[in-house]
Structures are given as C-alpha cells and as structure tokens.
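A.B. asks: Below are the structure tokens for one structure; questions will follow.
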Amino acid sequence: MTYNVIARPQDASAEDAAAYVESPTSYLRGFAKKALVITELEARKLRHDPTELLTRAIQPMLWLLVFGEVLTRVRAIPTGDIPYIDFMTPGVLAQSVLFISIFYGISIVWERDLGIVQKFLASPTPRTAIVAGKALSAGLRSLSQALIVVVLAVLIGVSVDLDPLSLAFVVIVVLLGAAVFSTLSLIIACLVKTRDRFMGIGQMITMPLFFASNAIYPISLMPDWLKAIAYVNPLTYVVDALRGLMITGGVSEYGVAVDLTILVAVAAGLIAIGGRLYARVGQ
C-alpha cells in the first residue's frame with residue numbers, strides 16, 4: 001500500500017518531513033470517501049431504470065413459489081429438521097445476489113466505449129477505490145433482492161428470523177457476496193474487453209457456481225469431486241452464512257464467523273486484483 005506525499009516547502013526541516021506524509025488513518029479515510037463517491041455515481045443509474053430491480057425479482061419468486069413449494073411436498077431432498085422451502089430460501093437469495101453481480105462487469109465495457117474509464121484513470125482516485133466502490137454499488141442493488149426474498153418468504157410461511165441483529169448480518173453477507181461476484185465479473189471484463197466474450201463467459205460460469213454449491217441441496221449429497229469444487233466456491237459460504245442467520249432453527253455448517261472471514265478475504269483479494277487490472281480496460 002502506498003500513501004500520498006503532500007508537497008512541503010523547500011525550507012522545511014527534516015524533522016518536519018513526516019508531517020507532510022499522509023498517515024494511514026488519513027489514507028483509509030480518503031480511500032473510503034473516494035469509494036463511496038464511485039458508489040454514489042453507480043447508484044444514480046438506478047434512478048434512470050428502477051424497473052431493472054423488479055424484473056430481476058421474477059426469477060427468485062419462481063424458484064420459491066414453484067420449485068420450492070413442489071419439492072417441499074415431494075420431500076426428496078433430506079434437509080434435517082427444517083422444511084425444504086426453509087432450507088432453500090437462503091440459497092435463492094444467494095442465487096439472486098450471484099445473478100445480479102456476475103454480469104455487473106459489462107458496465108465496465110460500456111464505460112470504456114463511452115470514454116468514462118479513461119476519465120477515471122486520469123483522476124487521482126486509487127484504482128482499488130474505484131473497484132471497491134463498484135463492488136459496494138452491486139451490493140446495494142442486491143439488497144433490493146434481499147428485501148423481496150425476505151418479504152416473499154414470510155408471506156409463504158417460511159420461518160424467517162426477523163431479529164434485527166440477524167437481519168443486519170444478512171445485509172453484511174449480501175454486501176460481501178455481491179462484492180465477491182461483482183469484482184470477479186469486473187476482472188473478467190478487464191481480461192476479455194468485449195461484450196460478447198464477457199456475456200459468454202458470464203453465462204458459462206453462472207450455473208456451475210450455483211449448482212456446485214449448497215444452495216438447493218446439501219453438500220453431503222454430492223459426489224466427492226463435486227464436494228471439492230463446492231468447498232472452494234464462494235457461493236457456498238454465502239449460502240451457509242445466510243442459512244444460519246435467516247432461518248429460525250437454521251444452522252451454519254461452518255460457522256457464520258468462518259463464512260464472513262472467508263468472504264472478506266476473497267473480496268479483498270479480488271478487489272486488489274481488480275485494481276491492478278482496471279487500467280487495462282482503457283487500453
């Protein structure tokens with residue numbers, strides 16, 4: 001990490017030189033401020049097309065109202081002491097977060113074509129702050145899906161834990177999950193650079209990420225080779241945390257603290273990689 005050096009007078013003494021070096025606290029404060037500015041710019045786009053959030057809500061509604069209700073009656077998948085619809089609800093929310101975030105990177109390609117990326121690159125804003133701001137914006141979009149899924153789940157009789165602290169952690173998990181997958185999307189956009197290739201790769205990895213997780217069935221039912229993939233799939237830990245937080249009687253298999261630690265580490269690593277690659281979009 002590098003810190004900004006503030007220009008100092010020529011006659012300043014050596015003892016005063018440290019005063020002109022930005023402290024870590026000031027750097028982090030400035031980093032957060034710049035990331036929030038990027039988030040605000042991204043969030044303004046929703047005012048021009050808020051229907052996007054509503055149309056994206058159709059898919060989780062279908063999963064809960066059709067797929068979930070049917071399999072709850074069939075009882076083909078063992079889910080312990082909770083009904084299948086309760087088991088599935090956190091997976092549907094995680095799926096919504098994944099589907100919103102994994103195609104978020106296409107906006108980077110549009111911004112390059114419109115010359116917006118070049119303006120960002122010409123600014124003093126750290127590249128990682130730009131990426132972090134975009135990741136947070138994807139999280140805000142995902143929160144609308146979280147609200148829809150929670151309300152719908154309550155209406156159809158899912159045992160949702162409405163404790164404010166649990167819901168607050170649900171928000172954190174949703175934000176982290178969106179940060180992971182939106183930043184992965186951004187990295188893909190930086191590498192492929194064209195809309196067609198990006199959409200092809202996005203569609204190719206979306207369903208494997210979803211089905212190679214514990215979203216709609218327990219990992220214990222998977223063959224060994226698929227279990228290995230599920231354990232390195234970030235969506236598994238998003239679902240696991242949500243299952244322990246959202247559902248009354250739900251259990252986090254790995255522990256919410258472990259899930260959050262993994263998601264924070266993955267998000268931080270992807271943001272760092274995305275910050276390094278972001279400059280390539282403008283080339």
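A.B. asks: Return yes or no: is Ile187 touching a helix residue (DSSP H, G or I) at 6+ places or on another chain (Cβ under 6 Å), free of Cβ contacts under 8 Å to residues at least 24 places away in the same chain and part of a helix (DSSP H, G or I)?
C.D. replies: When the stated conditions are applied, Ile187 does not pass them.
A.B. asks: Then there is this: Quick one: what pairs do we get from the stretch 222-247, first residue surrounded by 13 or more Cβ atoms within 10 Å (Cβ to Cβ), second assigned to a helix (DSSP H, G or I) and polar (S, T, N, Q), C-beta under 8 Å, 6+ apart or different chains?
C.D. replies: Pairs found: Ala230/Thr236; Leu245/Ser166; Met246/Thr89; Met246/Ser166; Ile247/Thr89.
A.B. asks: Quick check: is even one residue across the stretch 227-235 closer than 27 Å to Leu186 by Cβ, in a loop (DSSP other than H, G, I, E, B) and more than 21 Å from the chain's Cα centre (by Cα)?
C.D. replies: Within the stretch 227-235, the first condition is being closer than 27 Å to Leu186 by Cβ, and the residues that meet it are 228-235.
Then drop every residue that is not in a loop (DSSP other than H, G, I, E, B), which leaves 232-233.
Adding the requirement that they be more than 21 Å from the chain's Cα centre (by Cα) leaves none.
Within the stretch 227-235 (the criterion being closer than 27 Å to Leu186 by Cβ, in a loop (DSSP other than H, G, I, E, B) and more than 21 Å from the chain's Cα centre (by Cα)), the answer is no, since none of the residues qualifies.
A.B. asks: Being in a loop (DSSP other than H, G, I, E, B), at pLDDT below 75 and either under 25 Å from Arg141 (Cβ atoms) or among the aliphatic types (A, V, I, L, M) (or both) is true for just one of Ala76, Ala18. Which residue is that?
C.D. replies: Details: Ala18 fails: in a loop (DSSP other than H, G, I, E, B).
Just a single option satisfies the conditions, and that option is Ala76.
A.B. asks: Picking from Leu155, Leu175, which residue would you name as being modelled with pLDDT of 90 or more and closer than 19 Å to Thr248 by Cβ?
C.D. replies: The unique qualifying residue is Leu155.
A.B. asks: Let me ask you something else. Considering every residue within the stretch 147-157, establish whether at least one is assigned to a helix (DSSP H, G or I), β-branched (Val, Ile, Thr) and within 16 Å of Ile187 (Cβ to Cβ).
C.D. replies: No; the residues of the stretch 147-157 include none that is assigned to a helix (DSSP H, G or I), β-branched (Val, Ile, Thr) and within 16 Å of Ile187 (Cβ to Cβ).
A.B. asks: Which one of these is under 21 Å from Ala265 (Cα atoms), of a type outside the set (A, V, I, L, M) and surrounded by 16 or more Cβ atoms within 10 Å (Cβ to Cβ): Ser159, Ser142, Ser166?
C.D. replies: Numbers: Ser159 fails: under 21 Å from Ala265 (Cα atoms); Ser166 fails: under 21 Å from Ala265 (Cα atoms).
Of Ser159, Ser142, Ser166, the one residue that is under 21 Å from Ala265 (Cα atoms), of a type outside the set (A, V, I, L, M) and surrounded by 16 or more Cβ atoms within 10 Å (Cβ to Cβ) is Ser142.
A.B. asks: List the number of the failed condition for Val70; all other conditions in (1) at pLDDT below 85; (2) among the β-branched types (Val, Ile, Thr); (3) in a helix (DSSP H, G or I); (4) under 24 Å from the mean Cα position of the chain (by Cα) hold.
C.D. replies: Single failed check for Val70: (4).
A.B. asks: Any idea which residue in the stretch 79-110 is nearest to Ile247 (Cα to Cα), counting only those that are outside any helix (DSSP H, G or I) and of a type outside the set (D, E, K, R)?
C.D. replies: The initial filter retains those residues of the stretch 79-110 that are outside any helix (DSSP H, G or I), namely 79-83, 103-105.
Add one more test, that the residue is of a type outside the set (D, E, K, R), and what stays is 79-80, 82-83, 103-105.
On the way: Thr79: 13, Gly80: 13, Ile82: 9, Pro83: 11, Phe103: 28, Tyr104: 29, Gly105: 32 Å.
Among those residues, the one meeting the criterion is Ile82.
The values are calculated or read from the model by the stated rules, or taken from the named source; none is laboratory data. For clarity, every value in this text was computed on a predicted model and none was experimentally measured. In this analysis, Cβ positions are derived from the backbone assuming ideal geometry, glycine residues included, and neighbour counts consider all displayed protein chains.
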